[in-house]
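Below is one structure, written out as structure tokens; comments come after it.
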Amino acid sequence: MPARPSAHAGMGSIPHDGGVTFRVWAPNARNVAVIGDFCDWQAGRKHLLARDSAHAGTWSTFVPGVRAGCQYRYLVRRGGPYLWRTDPFARQIAGRHRNGVVLDPATLEWGDDVFHAPGWDELVLYELHIGTFAADEHGPGTFDKAIGRLDHLAWLGVNAVEVMPPFQFATRVSWGYNPSYLCAIHDAYGGPYAFARFVRAAHERGIAVFLDVVHNHLGPTGLDLWRFDGWRKGRYGGIYFFNDRRAFTPWGATRPDYGRRQVRSFLRDSAVSWLEDFRVDGLRFDGTNFIRSRWGDTRDPDAYLRPGHDYLSSLTADLRSRQPWKLLVAEDMQRDPVVTRPSAEGGLGFHSQWDADFVHPVRAALEAPRDEDRDLDAVARAIRGYYLAAPHERVIYTESHDEVANGRSRLPETITPGRADSWHARKRAALGLAIVLTAPGLPLLFQGQDFCEDRYFDDRRPLSWDKRDRHSGFLHLVRDLIRLRRNTDRWAGGLHGAGTHILRVDRHHGVILVHRWRAGGPGDDTVVVLNFSTRTLSGYPVGLPRPGRWRLRVNTDAPAYGDDFGAVIAGDLDAAPGECDGYPATAHVDLGPYAALVYSQDPEPGAGAGPEASGRRRPAAD
């Protein structure tokens, strides 16, 4: 009896009552079959697939009796013997032969999980790598082990984790940026069910989960997609990839062919599955500049990839139409406004993008050995940012997986090499975190930054959790800054707002003053004083939005944060009328070396905070 195509929709293996539909794209194949444990892997009992139509390029069949949990592979023949291929859409990979496993999303256990992620401007992100974040004496981390670390993050105040790519890869360990199968969680991390447990456990603790996905290249090792159906052009990779010089990336000649509808659908469907079937709260797309440019510089017209631009634009439009509340972030690193411009207006349609123009000048200022070499104007520009329609349109940080590896070190280690626990290292690292957690943008910490981890990131070296006790003061500082950033006590609503004004850049004393606000008034207006000098300052004048009592919310120099901190005991301010920095009130602060002070006023009982409450017009944001 000849094979017949399945009447059921969908790609990959799709469970139905009584069996499973198998569908695969192999336009150049002469024959396609599926084989698995349901036929004892016997070639004589394989199930042939039929073409869906003359022009679709897909093959399918319905196999009765197959159920979730069965393992399978495709046999694809163009000429000569069959090629054994793993399903590109496989949601689970098993064994050394990389067999696909039939997965029914309905079997993922969610319990009563009904999670509403925090507002985008309220997020505090924590980037982590499962293999090292959750490693223990028994071996590398898994998602189940990582659940045991979530209580630490909840205590810290983190309300979102960004998981470095956890998709199936071919090497023993990996950062994750060499995915072989985009639809499957790495089996050594626990596979799809462990990942679902992790998402559910995070949600139960009020923590959103964001996934880092890779669409700018695939593999290049362990890649069954390479010449999948036997066809290729020259030395290139066949149907899933560009078959000309556009295939080349810094990681190999495996850039997907964004001009092919079936390739775009494959990439899109993988993203949809994580958002819908696994309930993640957003996606961070790695190196989008390498999707729309051969070598990452989209300003070079000779290297520009229009199909990549069009792919990203259509992808975000599709994802936003499905679940508009889920955050889409691009790592584009070019401060290009087209990234967050709506797709309908010719943009890429992302909600946010990583900001290289924040991390590099801020780190340069913190790392400089001499105070006089710190470029405060560059720091002020980084804090203010380029024009933002909303603060969430950029992600800001001083450490990330890229900034602390590949020849680069953790910030404390860079400040005083070999003595990352020195006074200078901890003071300036604390100052950097204060900037990250008070500037407009989505603040991001990298794993271990909360307890002053000093070792560079290596996918073979576990995180040094013992430093939590050694640097407990620093850990509590990070917790207090996050609490302030999230406005847990309703003291600093301005840190969620779009209003940012640089009151002063004092190059002589090494001080920057920043005013943040959302609507204005007590409990909203927030003033940040940053000292980039080793000198203490007494009676230093600062301008404030209005007279009255201004409460000190955080002093990074407080002795509670380090036994050798506390050079100056700062306190609340009583601002008097009198213009300073263009503002109507003046106070005088005592400022410790490399310290950050954060001030706001107590909310007035029963009074709304807003421009009217301040008694004056808001300054224009810089």
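When you scan segment 342-351, do you find a residue that is open to solvent by 30 Å² or more (accessible area, probe 1.4 Å), under 20 Å from PRO443 (Cα atoms) and of a type outside the set (A, V, I, L, M), even just one? Taking every residue of segment 342-351 in turn, none turns out to be open to solvent by 30 Å² or more (accessible area, probe 1.4 Å), under 20 Å from PRO443 (Cα atoms) and of a type outside the set (A, V, I, L, M). Total residues in segment 328-341 satisfying the condition of being out of contact with any helix residue (DSSP H, G or I) (no Cβ under 6 Å at 6 or more places or on another chain) and either aliphatic (A, V, I, L, M) or open to solvent by less than 10 Å² (accessible area, probe 1.4 Å) (or both): the figure is 3. Checking the structure you have, find out if any residue of segment 430-442 is open to solvent by less than 10 Å² (accessible area, probe 1.4 Å) and either in a strand (DSSP E or B) or among the aromatic types (Phe, Trp, Tyr) (or both). Scanning segment 430-442, I find at least one residue that is open to solvent by less than 10 Å² (accessible area, probe 1.4 Å) and either in a strand (DSSP E or B) or among the aromatic types (Phe, Trp, Tyr) (or both), so the answer is yes. Checked against (1) on the phi < 0 side of the Ramachandran plot; (2) at pLDDT 95 or above, ARG279 passes all but a single condition, namely (1).
Number of residues in segment 444-477 that are surrounded by fewer than 24 Cβ atoms within 10 Å (Cβ to Cβ) and within 29 Å of ASP602 (Cα to Cα) equals 4.
Evaluated against (1) buried (at least 21 other Cβ atoms within 10 Å of the Cβ); (2) under 24 Å from GLU345 (Cβ atoms), HIS309 falls short on exactly one condition, (1). Number of residues in segment 502-548 that are among the acidic types (Asp, Glu) and under 32 Å from the mean Cα position of the chain (by Cα): the value is 2. Within segment 305-314, the presence of at least one residue that is without any contact (Cβ under 8 Å) to a residue 40 or more places away in the chain and within 25 Å of TRP175 (Cβ to Cβ) is confirmed. Within segment 393-408, residues that are open to solvent by 10 Å² or more (accessible area, probe 1.4 Å) reach partners that are at pLDDT 95 or above with beta carbons closer than 6 Å, at six or more positions or on different chains, in the pairs GLU393/THR340; GLU393/SER352. Summed over segment 480-497, residues that are open to solvent by 60 Å² or more (accessible area, probe 1.4 Å) and within 20 Å of the chain's Cα centre (by Cα) total 1. Please determine whether any residue of segment 70-77 is open to solvent by 80 Å² or more (accessible area, probe 1.4 Å) and among the charged types (D, E, K, R). Checked against the condition, which is being open to solvent by 80 Å² or more (accessible area, probe 1.4 Å) and among the charged types (D, E, K, R), segment 70-77 yields no hits at all. All conditions but one from (1) open to solvent by 20 Å² or more (accessible area, probe 1.4 Å); (2) small (Gly, Ala, Ser); (3) closer than 23 Å to GLY287 by Cα apply to GLY418; the one that does not is (3). Restricting segment 158-170 to residues that are in contact with an Asp or Glu (Cβ under 9 Å, 6 or more places away or on another chain) and not aliphatic (A, V, I, L, M) leaves a set whose member that is farthest from GLY100 (Cα to Cα) is ASN159. Taking the conditions (1) out of contact with any strand residue (DSSP E or B) (no Cβ under 6 Å at 6 or more places or on another chain); (2) among the polar types (S, T, N, Q); (3) open to solvent by 10 Å² or more (accessible area, probe 1.4 Å) in turn, SER538 satisfies each one other than (1).
The values are calculated or read from the model by the stated rules, or taken from the named source; none is laboratory data. Quick caveat: nothing in here was measured; it's all calculated off a predicted structure. As a convention, Cβ positions derive from the backbone with ideal geometry for all residues, glycine included, and neighbour counts pool all protein chains shown. Surface areas here come from the heavy atoms of the whole protein model, side chains and all, with no ligands, DNA or RNA. Shrake-Rupley method; radii C 1.70, N 1.55, O 1.52, S 1.80 Å.
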